[in-house]
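Enquirer: Quick one: the structure is below, questions incoming.
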Amino acid sequence: STLTVNIGGSTVLDSPDTWNGEVSLNGGDLTLKGVNQNGNIEAVRGNLDLTSGRLTIGEGSSIAEAVSTNLTENTKLNITENGSVSIDNNDTWDGAISMNGGSLSLTEVTTGILNATAGEIIMDNVTLGAGTVIEGDVEVTSTDGYINIGQDMEFTYDNNDNLAGEIQLNGGILNYGADENHSTNLSATSGNLNLLNSSYLVVTSPSNIEDL
């Protein structure tokens, strides 16, 4: 079964509801309250509000860039194998995202907590919240811009990753394990820089490492 929310439509799903089919958001408003188990969702455009509970984006599910997504505090978005999510500066990200597969696109994002153990992430001009961890099995790509590793954030950069922009280390932890073919610009002003086995870090202009 499929529930479609078009332009001008409004739907609320909460904890007493059973969601086993597919929800298609093609305009209009979809509000999720206390949902902890869900079927597929294909969000193409419109407004998606997760006000409480947990939403899983896996096989057959996606949230497109054109969707205005609101993840309120204490909510959780899970991205699993073959799920796809796009978050940018038009969205509100006050909750947490966990990722063990699938793909995540982040553009011009300055808030939010991310715990990523596997999958693919595209990050451009991103500063995430305290408690964020991006592990080495995650494939991180940057086409331009920066990735800022702030206080209480940890990022492992290795040969799985390809960053065309800059890594900024400002109080967090950077585990650097890339070889000479995957070197990237680095600006480190504070925090912990850990060089892993067989890593190769070249510090040339405009890169700089201060007294950490």
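Enquirer: Per residue, how many Å² of accessible area does the chain show with a 1.4 Å probe?
Expert: 46 Å²
Enquirer: If amide hydrogens are placed 1.01 Å from N in the peptide plane, which non-local residues have theirs closer than 5 Å to the one on L25?
Expert: Here V5, E42, A43, V44 satisfy the definition.
Enquirer: Output the antiparallel fraction of DSSP beta bridges having both residues in the chain, as a percent to the nearest 5.
Expert: Beta bridges within the chain, antiparallel portion: roughly 0 percent.
Enquirer: For the range 170-212, just say rounded, prolate or oblate: build the C-alpha gyration tensor, square-root its eigenvalues into a ≥ b ≥ c, call rounded for a/c under 1.5, and beyond that prolate if a/b exceeds b/c, oblate if not.
Expert: Oblate.
Enquirer: Same structure again: Can you work out ³J(HN,Hα) from phi for every residue in the range 178-188, in order, using Karplus 6.51 cos²θ - 1.76 cosθ + 1.60 and θ = phi - 60°, giving whole Hz and x for Gly and Pro?
Expert: Values, residue by residue: 7, 8, 5, 7, 10, 5, 9, 5, 9, 10, 10 Hz.
Enquirer: Through the Karplus equation 6.51 cos²θ - 1.76 cosθ + 1.60, θ set to phi - 60°, convert the phi angles of the range 69-75 into ³J(HN,Hα) values in whole Hz; use x for Gly and Pro.
Expert: Per residue, the Karplus-derived 3J(HN,Hα) values read 9, 10, 9, 7, 4, 6, 9 Hz.
Enquirer: Decide, for the range 54-192, between rounded, prolate and oblate: order the square roots of the alpha carbon gyration tensor eigenvalues as a ≥ b ≥ c, take rounded if a/c falls under 1.5, and otherwise choose prolate if a/b is larger than b/c, else oblate.
Expert: Verdict is prolate for the range 54-192.
Enquirer: Compute, for the range 121-180, the length of the dipole vector about the Cα centre, with Cβ point charges of +1 (Lys, Arg) and -1 (Asp, Glu) only. Units Debye, rounded to 20.
Expert: Around 240 debye, computed over the range 121-180.
The values are calculated or read from the model by the stated rules, or taken from the named source; none is laboratory data. In this text, all values refer to a predicted model and were calculated from it rather than measured experimentally. Neighbour counts run over all protein chains shown; Cβ positions are idealised from the backbone, glycine included. The area values use the complete protein model at the heavy-atom level, side chains included, leaving out ligands, DNA and RNA. Shrake-Rupley method; radii C 1.70, N 1.55, O 1.52, S 1.80 Å.
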